[in-house]
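The values are calculated or read from the model by the stated rules, or taken from the named source; none is laboratory data. Keep in mind that what you see is a predicted model, and the values were worked out from it rather than measured. A quick note on method: Cβ atoms are made from the backbone with ideal geometry, for glycine too, and the neighbour counts reach across all protein chains shown. What goes into the accessible areas is simple: the full protein's heavy atoms, side chains included, and nothing from ligands, DNA or RNA. Shrake-Rupley method; radii C 1.70, N 1.55, O 1.52, S 1.80 Å.
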Amino acid sequence: MTTTFDTDTAVQRVSADLYAAHIDPKWWVIRGPNGGYVAAILQRAMTDTVDNGNRPARSLTVHFLTPPEAGPVDIHTRVEREGRSLTNTSARLTQGERTIATAVGTFATGRDAVEYSEAVMPDVPAPKDVPSRLIEGAPPHAKMFDWKPAIGPPDFTAGGRAITGGWFRLHEPQVADPVVLTSYADNWYPALFFRTREPVGVPTVDYTVHFRTGLPLPGAGPEDYYLLAFRAPLSHDGFVVEDGEIWSQDGQLVAQARQLAVVLPR
């Protein structure tokens with residue numbers, strides 16, 4: 001079944017390295033569409049360009065140059081290198097004469113190597129025990145998701161550390177693949193909101209997601225929630241750095257993210 005997210009991030013191949021897509025206004029934040037939504041469109045085109053199910057997504061980095069308008073956009077993709085087990089790709093999202101965003105991505109097979117994990121999932125109640133809640137004044141795109149805050153103090157309290165998170169999924173249930181998780185990693189509200197009493201805008205400058213396993217997970221279902229945890233350890237000179245983790249309900253770290261964002265008064 002095709003979901004709203006599928007439709008709104010859909011790309012149509014026009015030629016070998018050109019795709020057409022459409023920016024939908026329902027994904028708007030303050031100055032344009034949510035960055036995770038734009039990144040998901042780029043990720044979908046790059047995945048189609050690789051066109052090899054044996055090489056799952058491993059890394060995506062997006063640089064956001066300027067906000068697009070609602071309407072049609074083009075994605076220009078390129079396979080930079082294709083080796084025996086790893087493919088490097090790049091993409092540009094354009095609207096008319098403007099370049100909106102650029103991206104690089106890596107798709108690769110698994111390897112036999114040292115295996116360990118020192119990552120620890122945050123200790124939070126199960127999704128069924130956490131009520132859904134949107135923050136007051138949330139932008140339009142927030143309605144596309146089901147939010148269950150479970151990490152950090154109330155927003156805009158200026159009383160705690162810059163840590164936030166909770167259980168999260170699309171409001172219209174959908175199995176989480178790399179394109180969906182690309183969106184998740186930039187859709188929770190910023191951790192900076194817990195260090196200020198004044199609402200601020202935090203548009204993304206650059207954004208990286210590392211996928212730590214093949215996706216979708218075996219046995220994953222459309223109703224599954226994922227635990228998002230974000231920390232912003234440094235805000236300086238008008239920029240903030242935020243680190244994020246995405247966990248499955250059974251405690252597997254499935255993705256890590258980092259972004260640099262501008263801090264703007266509202």
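Before we move on, is ALA39 of a type outside the set (Asp, Glu), touching a residue at least 12 places away in the same chain (Cβ under 8 Å), surrounded by fewer than 22 Cβ atoms within 10 Å (Cβ to Cβ) and closer than 30 Å to VAL263 by Cα? Walk me through it before giving the result.
Details: of a type outside the set (Asp, Glu): yes; touching a residue at least 12 places away in the same chain (Cβ under 8 Å): yes; surrounded by fewer than 22 Cβ atoms within 10 Å (Cβ to Cβ): no; closer than 30 Å to VAL263 by Cα: yes.
No; evaluated as a whole, the condition is false for this residue.
Name the residues in region 20-32 that are buried (at least 20 other Cβ atoms within 10 Å of the Cβ) and modelled with pLDDT of 95 or more, would you? Listed by number, the residues that qualify are ALA21, ILE23, TRP27.
For beta carbons closer than 6 Å, sequence separation of 6+ or different chains, a first residue in region 10-35 that is at positive phi and a second that is surrounded by 17 or more Cβ atoms within 10 Å (Cβ to Cβ), the qualifying pairs are GLY32/PRO67.
Would you mind stating whether ALA220 is in a loop (DSSP other than H, G, I, E, B) and over 16 Å from VAL62 (Cβ atoms)? Spell out the reasoning first.
Numbers: in a loop (DSSP other than H, G, I, E, B): yes; over 16 Å from VAL62 (Cβ atoms): yes.
So ALA220 fits the description; yes.
Within region 168-179, none of the residues are acidic (Asp, Glu) and open to solvent by less than 20 Å² (accessible area, probe 1.4 Å).
In region 127-152, what residues are without any contact (Cβ under 8 Å) to a residue 60 or more places away in the chain and either in contact with a helix residue (DSSP H, G or I) (Cβ under 6 Å, 6 or more places away or on another chain) or farther than 19 Å from ASN187 by Cα (or both)? Residues satisfying the conditions are LYS128, ASP129, LEU134, GLY152.
Conditions tested, residue by residue: (1) among the hydroxyl-bearing types (Ser, Thr, Tyr); (2) not in a strand (DSSP E or B).
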| position | (1), (2) |
| --- | --- |
| TYR207 | yes, no |
| GLY214 | no, yes |
| ASP224 | no, yes |
| PRO233 | no, no |
| GLU245 | no, no |
| VAL254 | no, no |
| ALA257 | no, no |
| LEU260 | no, no |
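State all residues of region 171-194 that are assigned to a helix (DSSP H, G or I) and either modelled with pLDDT under 95 or of a type outside the set (Val, Ile, Thr) (or both); if no residue qualifies, say none. Once the filter is applied, which keeps residues that are assigned to a helix (DSSP H, G or I) and either modelled with pLDDT under 95 or of a type outside the set (Val, Ile, Thr) (or both), region 171-194 yields PRO178, LEU181, SER183, TYR184, ALA191, LEU192, PHE193, PHE194.
Answer yes if at least one residue in region 181-197 is small (Gly, Ala, Ser) and surrounded by fewer than 18 Cβ atoms within 10 Å (Cβ to Cβ), and no otherwise.
No, the conditions are met nowhere in region 181-197.
Screening VAL38 against (1) part of a helix (DSSP H, G or I); (2) among the hydrophobic types (A, V, I, L, M, F, W, C); (3) more than 21 Å from SER90 (Cα to Cα) leaves a single unmet condition, (3).
Select, from THR204, THR213, the only residue that is surrounded by fewer than 18 Cβ atoms within 10 Å (Cβ to Cβ), in contact (Cβ under 8 Å) with a residue 40 or more places away in the chain and hydroxyl-bearing (Ser, Thr, Tyr). Walk me through it before giving the result.
On the way: THR204 fails: surrounded by fewer than 18 Cβ atoms within 10 Å (Cβ to Cβ).
Going through THR204, THR213 in turn, just one is surrounded by fewer than 18 Cβ atoms within 10 Å (Cβ to Cβ), in contact (Cβ under 8 Å) with a residue 40 or more places away in the chain and hydroxyl-bearing (Ser, Thr, Tyr): THR213.
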